[in-house]
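Once you've had a glance at the structure underneath, I'll fire off some questions.
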Amino acid sequence: MDPLTATGWTASPAADESRWLRAEDASAAAGARREITVLAERLGFAGERLGQVQLVASESATNLVKHAEKGELLVRIVRRGRTAALEIVCLDHGPGIADVSRSRLGGYSTSGTLGLGLGAIERLADQSGLHSLPRAGTTLFARFRQPDEASGTAAPVSGPPFAGLTRPIDGERECGDAYAATAADGTVYAMLCDGLGHGPMAAHAAQEAVRAMRDTPLPARPAEILERIHRRLRPTRGGTVAVAAIDPDAGRVRYAGLGNIAGWIVHPAGRTGMISVPGIAGTGAHLREQVYDLPPGAAVVLHSDGLTDRWDPARLPAPTGADPLLFAAVLLRDAGVRHDDRCVLAVTTPGKG
């Protein structure tokens, strides 16, 4: 079995299963429809369900062109073990939606809202989410689960409490950043690697980190996982790496970070930074693990230095109840302003019962 699709793990999509598109003119709808069709057919979508996926993609792109500023659309396949899902993510810096609840009504459309209507997208997608702030922009995602090979219907599998996003630097097809995450016995294990430089060699280093992470027997401490990654990256150009073990029941995060990479705990009072020590995985490093309190309902975020650390947690969705993909997408839009590969991995936790 390919180590990147081993049971239970989610990792960065392959370059040929993820595509960012700019929504700047009328051709964007046709481009989105074309790209989503290739990926959807790869997962077995056909007939009416394929048409619904195509409709959401083309209408989302059309809306971005009409109403957004700096509109972008991501289409991708996300694999988790033996299952997969098709995702559409829309980001913009437009006027935002003043009345999100009303935008869910069928047929409602004004500047800054989807012409198709959020209600229609919610009905067509297996899962969806929206976050919008006036004068800040809107973030939307729609998720379609892979049809079951026997019945042709989507398997009723709930999403994991984590989601990541990668975006290569302009001009490159492969992203030099990568992530991997899984849940085991109530603990989420999350890893993010920023391969040095850009392009295929950086991507190779980052994917080696993913393989080392997924080859590690669990349970394991983040420092142990980081040591395995450090050894695996020696033949590569190396990278900066963050590893976290998030245990909501214990109210604890164990964290080991190496190099210029960020780890944060986002909670109602703001955010708490987690310490990464200087070094490069694969060359010379002194590894150290820290333990942090995890308040109920907090989120844990890892991101590469393609995102600035000057982001405002008040602009993010509330961690409790938010889909981690929506959380990651808003952060990528707001903080992913550097000319670099970009990657963010978000882990959400339950609130108080």
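No lab work stands behind these numbers, since they all come straight from the coordinates. Computed from a predicted structure; not experimentally measured. Reconstructed Cβ throughout: ideal geometry from the backbone, glycine too, with neighbour counts over all protein chains shown.
Starting from the range 259-353, pick out the trypsin sites (Lys or Arg not before Pro) whose DSSP state is loop and whose Cβ has at most 13 other Cβ atoms within 10 Å.
Arg310, Arg338, Lys352
So, one more: What are the ³J(HN,Hα) couplings of the range 131-144, residue after residue, when phi is run through the Karplus curve with 6.51, -1.76, 1.60 and θ = phi - 60°? Round to Hz, x for glycine and proline.
9, 8, 10, x, 6, 10, x, 10, 10, 9, 9, 9, 10, 10
Residue by residue, what Karplus-based ³J(HN,Hα) values in Hz, rounded to whole numbers, does the range 159-171 have, using 6.51, -1.76 and 1.60 with θ = phi - 60° and x for Gly and Pro?
x, x, x, 8, 7, x, 9, 10, 9, x, 4, 3, x
Now a separate question. May I ask you to derive the FRET efficiency for Asp170 and Ala15 from their Cβ-Cβ distance with R0 = 22 Å, giving the value to the nearest 0.05?
It comes out at approximately 0.90.
Between Arg34 and Thr83, what is the label-to-label distance in nm when each label sits 7 Å out along the Cα-to-Cβ direction?
My value for the distance between the label points is 3.3 nm.
Quick one: length gained pulling His286 to Leu55 fully straight, 0.36 nm per residue minus the C-alpha distance?
On the way: separation 231, 0.36 × 231 = 83.16 nm, distance 5.15 nm.
Taking 0.36 nm per residue and subtracting the Cα distance, the gain is 78.0 nm.
Would you please report the Å³ per residue occupied by the convex hull of the alpha carbon atoms in the range 238-306?
Values: hull volume 5.0 nm³, N = 69.
With only Cα atoms used, the range 238-306 gives 72 Å³ per residue.
To the nearest 10 degrees, how steeply does helix 199-215 sit against the main Cα axis of the chain, on a 0 to 90 scale?
So the helix axis and the longest Cα principal axis differ by about 70 degrees.
If you work out Cα extents along the principal axes in Å from the coordinates, which of (1) 57, 43, 40; (2) 88, 63, 41; (3) 71, 51, 39 do you get?
From the options (1) 57, 43, 40; (2) 88, 63, 41; (3) 71, 51, 39, the structure gives (1).
Under the rule of at least 5 residues apart or a separate chain, name every residue whose amide H is placed under 5 Å from the amide H of Gly81.
The answer is Gly8, Trp9.
Oh, and also: Subtract the Cα-Cα distance of Arg231 and Asp293 from 0.36 nm times their separation in residues, and report this length gain in nm to one decimal.
19.4 nm
Let me ask another. Enter the angle in degrees (range 0 to 90, nearest 10) between the Cα long axis of helix 324-335 and the first principal axis of the Cα atoms of the chain, meaning the one along which they spread out most.
It works out to around 90 degrees.
I'd like the distance between the alpha-carbon centres of the range 257-318 and the range 196-251, rounded to an integer number of Å.
15
Can you compute the radius of gyration and Dmax for the range 162-348, using only the Cα atoms, both in Å?
Radius of gyration, then largest Cα-Cα span, for the range 162-348: 15.0, 44 Å.
Please list, in order along the range 237-249, the HN-Hα scalar couplings obtained from phi with the Karplus expression 6.51 cos²θ - 1.76 cosθ + 1.60 (θ = phi - 60°), rounded to whole Hz, x for Gly and Pro.
With the stated coefficients, the range 237-249 comes to 6, x, x, 9, 9, 10, 10, 9, 10, 9, 10, x, 5 Hz.
Another question, if that's okay. Using only the alpha-carbon atoms, how far is helix 28-42 inclined from the longest principal axis of the chain? Give it as 0 to 90 degrees, nearest 10.
60
So which trypsin sites (Lys or Arg not before Pro) in the range 171-233 are both in a DSSP loop and have at most 12 other Cβ atoms within 10 Å of their Cβ?
Details: sites: Arg173, Arg211, Arg214, Arg228, Arg231, Arg232; in loops: Arg173.
Those satisfying the criteria are Arg173.
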